[in-house]
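*Asks:* One structure, as structure tokens, below. Some questions next.
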Amino acid sequence: MAIFFAVKGDEKQMMENKIKWRAVVENDKAFDGCFFYAVKSTGVFCRPSCQSRSPLQNNVEFFDTSEEAMKTGYRPCKRCRPDLIDYKPALEIAEKMKETIDAYYNEKNRLAEELSKMNIAQHRMVEILRERFNVTPSKYADGLRIQAAKEKLAGSSDSIISIALYSGFDSVSAFYGFFRKHTQMAPGEYRQLHFLSRAPVEQNFYTYETVLGSIIVVSDGNAVNAVQFENMTSRNGKKISNALTDRAAKQLEEYFFGKRRQFDLPLRPYGTAFQQSVWKGLLSIPYGDTRSYKQVAQMIGNPGASRAIGMANNKNPILIVIPCHRVIGSNGALVGYAGGLEMKKKILELEKNFMQELKS
């Protein structure tokens, strides 16, 4: 709150007006709420901090309240809105800029046109948006473009050129450069890692009791979609058995008693293209044997993807049948298993014991 000097009579008024005028010229926010000034030539009154062009001093009249200014016949300024108790023009401008970028981020020419209608200098726009959202307009728009491209690559089968155009790029090469800059990978690589094949709405599941506890088998009617331990996940669909779930349960029982080393089931696990390639590779690991993440990466022709292999391995929905339990650390240690390390240890020991019996 501003403080005025204590002097008497006309001197006091002159002193106050001098201070007020200086506050108007300097657009001093500290005086907002202390007084309002009106411009006789325009019929408008403002807050001291108003960014409008400074008026001639002789045309200025001061008021203690906005009500007094309006009773005298002055209109509130549309820029600083002195008639509102809590008006933050920079905040409103930032919100308007954000809404505009949200609407036109993938139409560069239209975005520039809409932002120009706000009649604010570009450097001021940068200041306002950075102050409110800690980001510049260009970086905010780029973030929206990259997110839209990621969603299209992961959630649709649209061509990359279509996605490039949708994201606001005039050429595929420009899109590739932009995408690689923000993700360190090409659009095709991102799609391979993140494109998710969708599970069908209609799935059945049934619980079977085994020597290793209750196991859930999920099927869409044409293939097995999941084999998981009962405490692992929630199930969708109807709880009902069918010929395929029964067949899977029978083969699992044979496996647990050492009578089966390979499964003969139609499989359809749902996941990204990269996950599918990893799960397919796991099927080639022999019964009773193990591989490291690095070895699996080499098997599927992607030697630099050891960490991604570990993530895909842990997301395997068809446990035991797709033998992710046979993947161990490079030092031989048991690592990451969706069913828990204790269960992984039991399954590996089971296979090891039956292999020893076979050799003896």
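None of the figures in this text is laboratory data; all of them are computed from the coordinates on show. This one's a predicted model, so the numbers in the text were calculated from it and none came from an experiment. Reconstructed Cβ throughout: ideal geometry from the backbone, glycine too, with neighbour counts over all protein chains shown.
*Asks:* As an exercise, find the ratio Rg/Rh for the range 208-360 from alpha-carbon atoms, using the Kirkwood inverse-distance average for Rh.
*Replies:* 0.95
*Asks:* Name the long-range amide H neighbours of Val224: under 5 Å, sequence gap of 5 or more, or other chain; modelled H, no Pro or chain starts.
*Replies:* Correct list: Leu267, Arg268.
*Asks:* Follow-up. With a sphere of radius 15 Å drawn around the Cβ of Ser41, what net charge do the other residues whose Cβ falls strictly inside it have (Lys, Arg +1; Asp, Glu -1)?
*Replies:* Counting the neighbours of Ser41, the net charge comes to +2.
*Asks:* Measuring from the lowest to the highest alpha carbon on each principal axis, how far does the range 106-209 reach, largest first, in angstroms?
*Replies:* Ordered largest first, the range 106-209 gives principal extents of 70, 31, 24 Å.
*Asks:* Where in the chain are the helices, taken as whole DSSP H runs, whose Cα atoms extend 18 angstrom or more along the long axis and whose Kyte-Doolittle mean reaches at least -0.5?
*Replies:* Membrane-span-like by this criterion, though nothing is claimed about a membrane: 89-104.
*Asks:* Can you give the % of DSSP beta bridges in the range 198-360 that are antiparallel, to the nearest 5?
*Replies:* 65 percent
*Asks:* Among bridges DSSP assigns within the range 9-76, what percent are antiparallel (round to 5)?
*Replies:* The antiparallel proportion sits near 70 percent.
*Asks:* Further, regarding this structure: May I ask you to list the lysines whose Cα is less than 30 Å away from that of Lys20, ignoring any residue fewer than eight positions away on the same chain?
*Replies:* Lys8, Lys12, Lys29, Lys40, Lys71, Lys78, Lys88
*Asks:* Shifting gears a bit: With equal scatterers on the alpha carbons only and no solvent term, can you work out the Debye log10 of I(q)/I(0) for the range 150-291 at 0.11, 0.19 1/Å?
*Replies:* One equal scatterer on each Cα of the range 150-291 leads to -0.58, -1.09.
*Asks:* Here's a follow-up. Using the Cα atoms of the range 16-161 to build a convex hull, what is its mean projected area in square nanometres?
*Replies:* Average projection, Cα convex hull of the range 16-161: 11.0 nm².
*Asks:* Strictly greater than 16 Å: what percent of every Cα pair in the range 9-76 meets that?
*Replies:* In whole percent, the long-distance tail amounts to 41.
*Asks:* Please report the net charge: other residues with Cβ closer than 14 Å to the Cβ of Ser284, K and R +1, D and E -1.
*Replies:* +3
*Asks:* Run the lone-cysteine check on the chain: no other Cys C-beta under 4.7 Å from the residue's C-beta.
*Replies:* Cysteines of the chain left without a disulfide-compatible partner: Cys34, Cys324.
*Asks:* Can I ask one more? Using helices alone, I'd like the mean residue ellipticity at 222 nm for the chain: each DSSP H run of four-plus residues gives -39500 (n - 2.57), total over residue count, nearest 500.
*Replies:* Taken over the chain, the calculation gives -14000 deg cm²/dmol.
*Asks:* Non-local amide H neighbours of Arg75 (under 5 Å, H modeled in plane, Pro and chain starts lacking H): which ones?
*Replies:* Those qualifying (amide H under 5 Å, at least 5 residues apart or on another chain) are Val44, Phe45.
*Asks:* I've got another one for you. Quick one: grab the alpha carbon gyration tensor of the chain, order the square roots of its eigenvalues as a ≥ b ≥ c, and give me rounded if a/c is under 1.5, else prolate or oblate depending on whether a/b is larger than b/c.
*Replies:* prolate
*Asks:* Over 31 Å between C-alpha atoms is what I'm after, so list which of Lys250/Lys344; Lys239/Lys352; Lys239/Lys359; Lys250/Lys346; Lys152/Lys280 land there.
*Replies:* Going by Cα-Cα distance, Lys239/Lys352; Lys239/Lys359 fall outside the 31 Å limit.
*Asks:* Another one. In a shell of Cβ-Cβ distance under 11 Å around Ala338, excluding Ala338 itself, what net charge do Lys and Arg (+1) and Asp and Glu (-1) give?
*Replies:* Net charge around Ala338: +2.
*Asks:* Please compute the Kirkwood hydrodynamic radius over the range 84-156, one decimal place, Å, based on all pairs of different Cα atoms.
*Replies:* Over the range 84-156, the inverse of the mean reciprocal pair distance is 13.1 Å.
*Asks:* Further question: Given the range 279-335, report the % of alpha carbon pairs whose separation exceeds 17 Å.
*Replies:* Here the long-distance tail beyond 17 Å is 26 percent of all Cα pairs in the range 279-335.
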